[in-house]
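Colleague: Below you'll find the structure I mean.
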Amino acid sequence: MLISREENLSHVTIKMSDGTLIAASLHLPQGDGPFPVLAIFYPYRKDDFIGASTAYPRTFFAEAGYATLLVDIRGYGSSGGPSYQAWDPREFDDGYEVVEWAARQDWCDGNVGIWGTSYGGAQALGIASKRPPSLKAIASIYGAADIYHDFVYPGGGPNGLGAAAWSAFVVALELAPPGLQDPAGQWLDAWGSRLRRLDDNQISAQLWPAHPTFDDYWKERVIPVEKIEVPSYFMTGWRDLLCQGMLDAYDKCTAPKQLLAGPWSHAAPDVVPDAPYHWLDELRQWFDRWMRGAPADDRPDVVYWVQGSERWCSDGVWPPAVTATVSHPAADKALAGHATDLSDPYEGRALVGAGAGLWYPMGISFGNEFDQGADDAKSLTYTSVPLDAPLVLVGTPRAHLDLRLEAEGDVDLCVKLVHVDPQDRATLITSGWQHVRADGEGKRRVTADIALFPTGYEIPAGHHYRWTVALADFPRLWPTPGKKRIDLNGATRFTLPVAGEGTAFTPPAPPTGVNRAPWMVSAEPICRINRDIVKNGVSITAGMKAEMELPQGGRMRIHHIVTAEMREAAHASAAITTQAELELLLASGEEIRVDTAGYATPGRRHLTGRISTGGRTLFDRQWTSLNGKPVG
């Protein structure tokens with residue numbers, strides 16, 4: 001073991017059955033042990049970026065008597081071997097071996113759990129589906145079990161800003177040397193293996209456009225959640241892109257399970273301004289129950305937040321019992337309780353979507369809604385009369401669209417549910433999409449059943465709800481090319497999941513006065529929306545700046561931004577640019593700088609990566625793919 005300057009934190013290596021060395025950081029509690037172990041698996045570098053993000057949770061669990069094992073998955077961070085393509089199920093085979101290795105160590109009492117957020121949440125589900133004998137319980141936070149539908153092609157259309165942001169940042173992390181330089185020089189072997197793979201055009205996101213449909217590439221990445229036998233905790237956020245995926249996984253899981261759904265967007269619930277929640281203590285109770293034999297608490301199996309009325313509710317099942325309330329589009333942008341003879345024409349507008357919130361995947365909350373007025377003005381809209389009483393929605397709103405379509409190519413049908421107050425301020429409740437592929441006919445009838453993202457939301461009496469239909473949602477989705485037109489039929493129906501008041505729940509409040517980012521020196525989110533009135537265009541930027549001090553010595557500085565821009569008159573002008581700058585000050589005093597710059601349009605991906613030190617270039621590479629096929 002290589003001991004860092006942080007007390008009780010050790011660097012360990014784990015030999016896989018094929019000889020590959022997997023690196024992990026072991027954090028032991030005070031005392032003699034042995035201890036139950038909580039493992040976490042990521043491709044995001046245990047010794048700097050994800051180490052900083054998980055430093056407080058690992059300390060929290062250590063103080064609760066758990067050893068924690070933060071693992072760099074194969075080919076990332078300090079781990080050896082070439083990595084697999086993202087979300088390759090072979091990563092879970094490594095996880096199985098790590099779980100069983102941990103259970104055999106003298107500091108482990110034989111009980112292992114797994115938790116993780118986002119990619120780490122998917123790892124928890126995937127490894128659990130392999131059924132390692134020593135695994136006793138898991139927790140998946142903002143995870144995903146079907147990466148095609150949940151992330152890369154939500155609704156069947158290609159993810160825009162979120163996927164571009166993730167790809168460019170991950171490549172920058174891959175280019176940087178491991179944050180911990182072990183005396184044996186394993187870090188050089190790991191770095192070299194990674195650079196050779198990158199030099200061979202193996203960047204996952206650049207290959208995704210070659211698989212626009214749910215083909216075998218994606219099917220083999222679906223996690224069989226139904227095979228999980230250990231107790232499983234699921235947490236999601238109403239504003240998170242992976243919300244539907246988490247609830248689908250919860251539904252498929254037949255093991256003992258609990259669900260928490262808040263108003264969040266991919267950020268830790270104890271650092272958000274809306275509905276802060278002491279999720280770590282809830283996880284501790286979950287693992288205590290299933291790994292230590294503690295008695296079950298009185299926490300209901302399902303806890304969810306109701307936006308609008310700003311309250312927590314609980315139930316024994318998801319979704320709670322609801323009544324389906326159906327309406328149809330009517331003349332004068334109204335809603336009727338029966339089908340109508342409406343035929344409502346609409347020419348597709350490109351600049352719809354900027355008000356829908358940003359899904360930025362690096363753990364910073366940008367998903368909360370902006371004013372929908374500008375987007376609504378470019379969409380078909382159908383608004384209810386003022387409500388006589390509050391309307392509580394819990395579950396999945398649905399739209400059955402019946403329309404005539406005239407388009408030159410593929411089309412995205414985009415439906416939104418909006419809350420409209422008496423001052424006509426429009427707030428997004430939820431959205432849903434369906435990608436309709438061209439079939440060679442210019443004009444045709446299309447019916448589409450669209451499940452919007454699940455939600456919990458209360459609309460007050462005297463307010464309205466509004467359904468909107470459009471053919472774009474940029475930058476959340478890439479725009480489809482060419483002109484497009486629909487005529488919406490009055491047989492279209494919109495369905496609301498109307499619930500009762502629900503059972504009130506008092507959540508655990510996060511403790512105050514706690515440093516939840518002990519490695520961080522500074523952190524600053526970036527979020528800008530600029531509208532070009534002259535060119536009728538929009539530019540949307542998200543990102544972050546951060547600096548962290550590393551326990552092994554040295555520092556890391558990060559500056560990451562992603563910008564999506566487009567003009568109304570030119571769908572083909574849609575582009576997403578990315579920039580990532582990493583400055584890694586090693587414990588030896590050497591400073592390594594990594595720069596990546598990306599440019600993407602529909603079907604095209606261009607990325608440059610450069611490593612330098614002291615003004616000298618160590619690595620310089622450009623990657624290009626056209627429709628997912630590498631060039632050069």
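Colleague: What distance in nm separates the simple spin-label points at A509 and T613, each placed 7 Å from Cα in the Cβ direction?
Modeller: The modelled label-to-label distance comes out at 5.0 nm.
Colleague: How high is the relative contact order of region 110-197? Use alpha-carbon pairs under 8 Å, at least six apart in sequence, and give a whole percent.
Modeller: After rounding, I find 20 percent.
Colleague: Next up: Which of I73, L280, L413 sits farthest toward the positive end of the charge dipole of the chain, with +1 on the Cβ of Lys and Arg and -1 on the Cβ of Asp and Glu?
Modeller: L413
Colleague: Could you order H560, H463 so the one with the most accessible surface comes first? Probe is 1.4 Å.
Modeller: H463, H560
Colleague: Same structure, new question: If Lys and Arg each add +1 and Asp and Glu each add -1, what is the summed charge of the other residues whose beta carbon sits under 13 Å from the beta carbon of A275?
Modeller: With Lys, Arg at +1 and Asp, Glu at -1, the net is -1.
Colleague: Another question, then. Once every DSSP H run of n ≥ 4 in the chain is given -39500 (n - 2.57) and the sum is divided by its residues, what mean residue ellipticity at 222 nm do you get, rounded to the nearest 500 deg cm²/dmol? All intermediate terms of the calculation are to be shown ahead of the outcome.
Modeller: Working: 11 runs with 104 residues, N = 632.
Calculated at 222 nm, the ellipticity per residue is -4500 deg cm²/dmol.
Colleague: With +1 on each Lys and Arg Cβ and -1 on each Asp and Glu Cβ, how big is the dipole of region 542-632 about its Cα centre, in debye rounded to the nearest 20?
Modeller: On the way: 11 positive and 10 negative charges, 75 e Å.
Using Cβ point charges on Lys, Arg, Asp and Glu, region 542-632 gives about 360 debye.
Colleague: Quick one: in region 504-608, what % of C-alpha pairs are over 23 Å apart?
Modeller: 51
Colleague: Let me ask something additional. Of the listed values (1) 31.6, 136; (2) 35.9, 150; (3) 24.5, 77, grab the one calculated as Rg and Dmax of the Cα atoms in Å from the structure here.
Modeller: (3)
Colleague: Would you grab the residues whose amide H sits under 5 Å from the one on Y153? Only those 5+ places off in sequence or on another chain, please, with H modelled 1.01 Å from N.
Modeller: N159
Colleague: Also, I was wondering about something else. If R0 is 25 Å, what FRET efficiency do you get for R349 and Y599 from their C-beta distance, rounded to 0.05?
Modeller: Efficiency for this residue pair is about 0.50.
Colleague: If R₀ is 30 angstrom, what is the calculated FRET efficiency for the pair K15 and R131, using the beta carbon separation as r and rounding to 0.05? Numbers along the way, then the final one.
Modeller: On the way: r = 22 Å, r/R0 = 0.73.
Plugging the Cβ-Cβ distance into 1/(1 + (r/R0)^6) gives 0.85.
Colleague: Same structure, new question: Under 23 Å between alpha carbons, and skipping anything fewer than 8 positions from K219 in its own chain: which lysines qualify?
Modeller: Cα-Cα hits under 23 Å: K130, K227, K252, K629.
Colleague: With a 1.4 Å probe and all protein chains left in place, how much of the accessible area of the chain comes from carbon and sulfur atoms, in whole percent?
Modeller: Of the solvent-accessible surface of the chain, carbon and sulfur hold 50 percent.
Colleague: If you don't mind, another one. Given the whole protein assembly as supplied and a 1.4 Å probe, what does the accessible area of L351 come to in Å², nearest 10?
Modeller: 20
Colleague: For every other residue with a beta carbon closer than 14 angstrom to the beta carbon of I40, add +1 if it is Lys or Arg and -1 if Asp or Glu, then tell me the sum.
Modeller: With Lys, Arg at +1 and Asp, Glu at -1, the neighbours total -1.
Colleague: Among F370, Y346, A296, which residue has its Cα positioned farthest towards the positive end of the charge dipole of region 264-403, with +1 placed on the Cβ of Lys and Arg, -1 on the Cβ of Asp and Glu, and the dipole taken about the Cα centre?
Modeller: Sorting the options by dipole projection puts first A296.
Colleague: Another question about this same structure. To the nearest Å, what is the center-to-center distance of region 196-222 and region 10-63, using C-alpha atoms only?
Modeller: Taking the Cα centre of each part, region 196-222 and region 10-63 sit 29 Å apart.
Colleague: Please report, in debye to the nearest 20, how large the charge dipole of the chain is about its Cα centre when each Lys and Arg carries +1 at its beta carbon and each Asp and Glu carries -1 there.
Modeller: Computed about the Cα centre, the dipole is about 1100 debye.
Colleague: Roughly how big is region 448-604's charge dipole about its Cα centre, with Cβ charges of +1 (Lys, Arg) and -1 (Asp, Glu), in debye to the nearest 20?
Modeller: Computed about the Cα centre, the dipole is about 620 debye.
Colleague: Answer rounded, prolate or oblate for region 322-418, using the Cα gyration tensor with square roots of eigenvalues a ≥ b ≥ c: rounded when a/c is under 1.5, else prolate when a/b is larger than b/c, else oblate.
Modeller: Judged from the Cα gyration tensor, region 322-418 comes out oblate (a/c at least 1.5, b/c at or above a/b).
Colleague: Here's something else I'd like to know. Relative contact order for the chain using alpha-carbon pairs under 8 Å, separation at least 6, rounded to a whole percent? Can you show the working numbers first?
Modeller: Values: 1649 pairs, mean separation 85.0, N = 632.
About 13 percent, as a whole number.
Colleague: Continuing with this model, one more query. Quick one: Cα centre-to-centre distance for region 224-301 and region 439-458, in angstrom?
Modeller: When both Cα centres are located, 29 Å separates them.
Colleague: With all protein chains present and a 1.4 Å probe, how do D402, D281 order by accessible area, largest first? Intermediate results must be reported in sequence, preceding the final value.
Modeller: On the way: D402 10, D281 35 Å².
I get D281, D402, largest accessible area first.
Colleague: In nanometres, what is the gap between the two model label sites at E501 and D200, each 7 Å from Cα along Cα-to-Cβ?
Modeller: 6.4
Colleague: Just subtract the alpha-carbon distance of A491 and T254 from 0.36 nm times their residue separation and send over the number in nm, one decimal.
Modeller: Stretched out fully, the A491 to T254 stretch lengthens by 81.5 nm.
Colleague: Could you list the GluC sites (Glu not before Pro) in region 479-583 that lie in coil according to DSSP, counting only those with at most 12 other Cβ atoms within 10 Å of their Cβ?
Modeller: Taking region 479-583 and a limit of 12 other Cβ atoms within 10 Å, the loop GluC sites (Glu not before Pro) found are E501.
Colleague: For the charge dipole of the chain, defined by +1 on Lys and Arg C-beta atoms and -1 on Asp and Glu C-beta atoms about the Cα centroid, which residue among W305, T13, I558 has the Cα displaced farthest towards the positive pole?
Modeller: Of W305, T13, I558, it is I558.
Colleague: Continuing with the same structure: Which length gain, in nm to one decimal place, applies between K227 and C527 when the Cα-Cα distance is subtracted from 0.36 nm times their residue separation? If you can, show how the numbers build up before the last one.
Modeller: Details: separation 300, 0.36 × 300 = 108.00 nm, distance 4.03 nm.
Contour length minus Cα-Cα distance gives 104.0 nm.
Colleague: Leaving out ligands, DNA and RNA but keeping every protein chain, what accessible area does K15 have, in Å² rounded to the nearest 10, with a 1.4 Å probe?
Modeller: 140
Colleague: Within region 588-632, name every residue whose backbone N is under 13 Å away from a label modeled 7 Å from Cα of A210 along the Cβ vector.
Modeller: From region 588-632, the list is 624-632.
Colleague: Starting with the highest mean, order 468-476, 155-163, 188-196 by the number of other Cβ atoms within 10 Å, averaged over the residues of each peptide.
Modeller: Order by mean packing, descending: 468-476, 155-163, 188-196.
Colleague: Continuing with this model, one more query. Over what distance in Å are the Cα centres of region 341-361 and region 555-569 separated?
Modeller: 22
Colleague: What residues have an amide H closer than 5 Å to that of M566, excluding those fewer than 5 places away on the same chain, when H is modeled at 1.01 Å from N in the peptide plane?
Modeller: Result for M566 returns V538.
The values are calculated or read from the model by the stated rules, or taken from the named source; none is laboratory data. Note that the structure is predicted; figures quoted are calculated from it, not measured. Positions of Cβ are generated from backbone atoms using ideal geometry, with glycine treated the same way; all protein chains shown enter the neighbour counts. Heavy atoms of the whole protein, side chains included, go into the accessibility calculation; ligands, DNA and RNA do not. Shrake-Rupley method; radii C 1.70, N 1.55, O 1.52, S 1.80 Å.
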